[in-house]
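Here is the structure we will look at.
The values are calculated or read from the model by the stated rules, or taken from the named source; none is laboratory data. Because the structure is a prediction, the values reported are computed rather than measured. Don't worry about glycine lacking a Cβ; one is built from the backbone with ideal geometry, like all the others, and counts go over all protein chains shown. Accessible surface is based on the protein model in full, side chains and every heavy atom, while ligands, DNA and RNA are left aside. Shrake-Rupley method; radii C 1.70, N 1.55, O 1.52, S 1.80 Å.
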Amino acid sequence: PPDGGAFDAPEVLVVVPRGSQHTLGAMVAMSQFRRLGALVRLSLGQELAELGRLVRAHRYDMVAISAAGSERLEFLRDAVNMIRKGIAPVPPVVIGGAILAMEDNAAARIGADFATTDPREALVLCGLSVSCSGGEARPRTRPPAPAHPS
(Lines give C-alpha, C1' and ligand atoms only; values in the text may rest on other atoms or scores of the structure.)
Protein backbone atom coordinates (compact mmCIF):
# COMPACT_ATOMS: atom_id res chain seq x y z
CA PRO A 1 0.00 0.00 0.00
CA PRO A 2 1.11 3.56 -0.65
CA ASP A 3 1.04 4.48 3.06
CA GLY A 4 3.62 1.78 3.93
CA GLY A 5 1.09 -0.41 5.75
CA ALA A 6 0.79 -4.16 5.43
CA PHE A 7 -2.05 -6.13 3.90
CA ASP A 8 -4.62 -7.66 6.23
CA ALA A 9 -4.53 -10.95 4.37
CA PRO A 10 -2.95 -14.33 4.95
CA GLU A 11 0.29 -14.81 3.06
CA VAL A 12 0.54 -18.23 1.46
CA LEU A 13 3.48 -19.90 -0.24
CA VAL A 14 2.38 -22.57 -2.73
CA VAL A 15 5.14 -25.11 -3.38
CA VAL A 16 5.29 -27.36 -6.43
CA PRO A 17 8.09 -29.83 -5.65
CA ARG A 18 11.11 -30.19 -7.89
CA GLY A 19 10.51 -32.77 -10.62
CA SER A 20 6.72 -32.48 -10.56
CA GLN A 21 5.27 -32.44 -14.06
CA HIS A 22 1.76 -31.47 -12.99
CA THR A 23 1.18 -27.82 -12.11
CA LEU A 24 -2.49 -27.34 -13.03
CA GLY A 25 -3.69 -28.20 -9.51
CA ALA A 26 -1.30 -25.71 -7.94
CA MET A 27 -2.41 -22.99 -10.38
CA VAL A 28 -6.08 -23.65 -9.56
CA ALA A 29 -5.30 -23.60 -5.81
CA MET A 30 -3.41 -20.30 -6.18
CA SER A 31 -6.38 -18.76 -7.94
CA GLN A 32 -8.74 -19.99 -5.22
CA PHE A 33 -6.47 -18.68 -2.43
CA ARG A 34 -6.43 -15.29 -4.16
CA ARG A 35 -10.22 -15.25 -4.52
CA LEU A 36 -10.40 -15.88 -0.78
CA GLY A 37 -8.29 -12.76 -0.23
CA ALA A 38 -4.88 -14.36 0.38
CA LEU A 39 -1.60 -13.00 -0.94
CA VAL A 40 0.07 -15.89 -2.78
CA ARG A 41 3.61 -16.63 -3.93
CA LEU A 42 4.65 -19.67 -5.98
CA SER A 43 7.75 -21.81 -5.52
CA LEU A 44 8.01 -23.91 -8.67
CA GLY A 45 10.54 -26.74 -8.75
CA GLN A 46 13.15 -25.12 -6.53
CA GLU A 47 15.97 -27.07 -4.89
CA LEU A 48 15.36 -27.73 -1.18
CA ALA A 49 18.05 -25.29 -0.05
CA GLU A 50 16.47 -22.50 -2.14
CA LEU A 51 13.03 -23.35 -0.74
CA GLY A 52 14.47 -23.04 2.76
CA ARG A 53 16.00 -19.64 1.95
CA LEU A 54 12.68 -18.46 0.50
CA VAL A 55 10.74 -19.43 3.64
CA ARG A 56 13.32 -17.81 5.94
CA ALA A 57 13.43 -14.59 3.87
CA HIS A 58 9.73 -13.84 4.27
CA ARG A 59 7.16 -14.62 6.94
CA TYR A 60 4.41 -16.77 5.47
CA ASP A 61 1.23 -17.61 7.34
CA MET A 62 0.98 -20.98 5.59
CA VAL A 63 3.00 -23.14 3.22
CA ALA A 64 0.91 -25.29 0.88
CA ILE A 65 2.65 -28.16 -0.91
CA SER A 66 0.90 -29.35 -4.06
CA ALA A 67 1.94 -32.96 -4.66
CA ALA A 68 0.81 -34.91 -7.70
CA GLY A 69 1.70 -38.25 -6.17
CA SER A 70 4.74 -38.92 -8.32
CA GLU A 71 7.04 -37.43 -5.68
CA ARG A 72 8.87 -39.72 -3.26
CA LEU A 73 7.58 -39.42 0.30
CA GLU A 74 11.16 -39.04 1.57
CA PHE A 75 11.65 -36.02 -0.70
CA LEU A 76 8.41 -34.44 0.54
CA ARG A 77 9.46 -35.14 4.14
CA ASP A 78 12.81 -33.44 3.42
CA ALA A 79 10.94 -30.46 1.95
CA VAL A 80 8.79 -30.12 5.09
CA ASN A 81 11.90 -30.35 7.29
CA MET A 82 13.65 -27.68 5.20
CA ILE A 83 10.60 -25.39 5.49
CA ARG A 84 10.73 -25.69 9.28
CA LYS A 85 14.51 -25.51 9.68
CA GLY A 86 15.81 -22.41 11.43
CA ILE A 87 12.58 -20.43 11.43
CA ALA A 88 10.32 -19.21 14.19
CA PRO A 89 7.43 -19.07 14.24
CA VAL A 90 7.09 -22.03 11.91
CA PRO A 91 4.24 -21.59 9.41
CA PRO A 92 1.77 -24.48 9.25
CA VAL A 93 2.44 -26.83 6.34
CA VAL A 94 -0.51 -28.20 4.35
CA ILE A 95 -0.19 -31.02 1.81
CA GLY A 96 -2.67 -31.19 -1.04
CA GLY A 97 -3.05 -32.60 -4.49
CA ALA A 98 -3.52 -36.04 -6.00
CA ILE A 99 -1.15 -37.57 -3.46
CA LEU A 100 -3.99 -37.52 -0.93
CA ALA A 101 -5.94 -40.07 -2.98
CA MET A 102 -2.84 -42.22 -3.49
CA GLU A 103 -1.20 -42.27 -0.05
CA ASP A 104 -2.97 -43.13 3.19
CA ASN A 105 -2.28 -40.60 5.90
CA ALA A 106 0.00 -38.54 3.64
CA ALA A 107 0.23 -35.60 6.06
CA ALA A 108 1.53 -37.72 8.92
CA ARG A 109 3.88 -39.66 6.64
CA ILE A 110 5.64 -36.49 5.44
CA GLY A 111 5.26 -34.47 8.63
CA ALA A 112 2.77 -31.88 7.35
CA ASP A 113 0.35 -30.29 9.79
CA PHE A 114 -2.75 -30.77 7.65
CA ALA A 115 -3.96 -32.42 4.44
CA THR A 116 -6.71 -31.10 2.18
CA THR A 117 -7.39 -30.30 -1.45
CA ASP A 118 -9.66 -27.37 -0.54
CA PRO A 119 -7.89 -23.98 -0.20
CA ARG A 120 -10.67 -22.55 2.01
CA GLU A 121 -10.39 -25.52 4.35
CA ALA A 122 -6.59 -25.17 4.37
CA LEU A 123 -6.83 -21.56 5.53
CA VAL A 124 -9.40 -22.46 8.20
CA LEU A 125 -7.32 -25.42 9.44
CA CYS A 126 -4.38 -23.04 9.85
CA GLY A 127 -6.50 -20.57 11.82
CA LEU A 128 -6.38 -17.96 9.06
CA SER A 129 -9.34 -15.76 8.28
CA VAL A 130 -10.94 -16.05 4.87
CA SER A 131 -13.13 -13.72 2.93
CA CYS A 132 -16.68 -15.00 2.57
CA SER A 133 -17.06 -13.26 -0.77
CA GLY A 134 -13.47 -13.29 -1.92
CA GLY A 135 -12.23 -10.03 -3.32
CA GLU A 136 -9.25 -7.83 -2.68
CA ALA A 137 -7.03 -7.98 0.36
CA ARG A 138 -7.59 -4.95 2.53
CA PRO A 139 -4.65 -2.86 3.77
CA ARG A 140 -3.97 -2.58 7.49
CA THR A 141 -1.69 -0.24 9.33
CA ARG A 142 1.44 -1.56 10.92
CA PRO A 143 1.54 -1.58 14.71
CA PRO A 144 3.66 1.21 16.18
CA ALA A 145 7.34 0.42 16.55
CA PRO A 146 8.41 -0.29 20.13
CA ALA A 147 9.92 2.68 21.92
CA HIS A 148 13.68 2.47 22.33
CA PRO A 149 14.96 3.26 25.80
CA SER A 150 17.23 6.30 25.95
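Once fully extended, how much extra length lies between Ala57 and Arg120, figured as 0.36 nm per residue of separation less the alpha-carbon to alpha-carbon distance?
Working: separation 63, 0.36 × 63 = 22.68 nm, distance 2.54 nm.
20.1 nm is the gain from fully extending Ala57 to Arg120.
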Q.
Across the range 1-79, what fraction of all alpha-carbon pairs, as a whole percent, falls in each successive 5 Å bin from zero upward?
A. 3, 14, 25, 22, 18, 10, 4, 2, 1, 0
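Using a 1.4 Å probe on the protein heavy atoms, what percent of the accessible area of the range 1-103 belongs to carbon and sulfur?
Details: 2680 of 4990 Å².
Within the range 1-103, the accessible surface is 54 percent carbon and sulfur.
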Q | Estimated distance in nm for a label pair at Phe75 and Arg109, the labels positioned 7 Å out from Cα along Cα-to-Cβ | A | 1.5 nm
Q | Under Karplus coefficients 6.51, -1.76 and 1.60, residue-wise ³J(HN,Hα) of the range 66-75 in Hz, glycine/proline x | A | 9, 10, 6, x, 8, 7, 6, 4, 4, 5
Q) If we restrict to alpha carbons, what Rg and Dmax does the range 7-129 come to, in Å? A) 12.8, 37
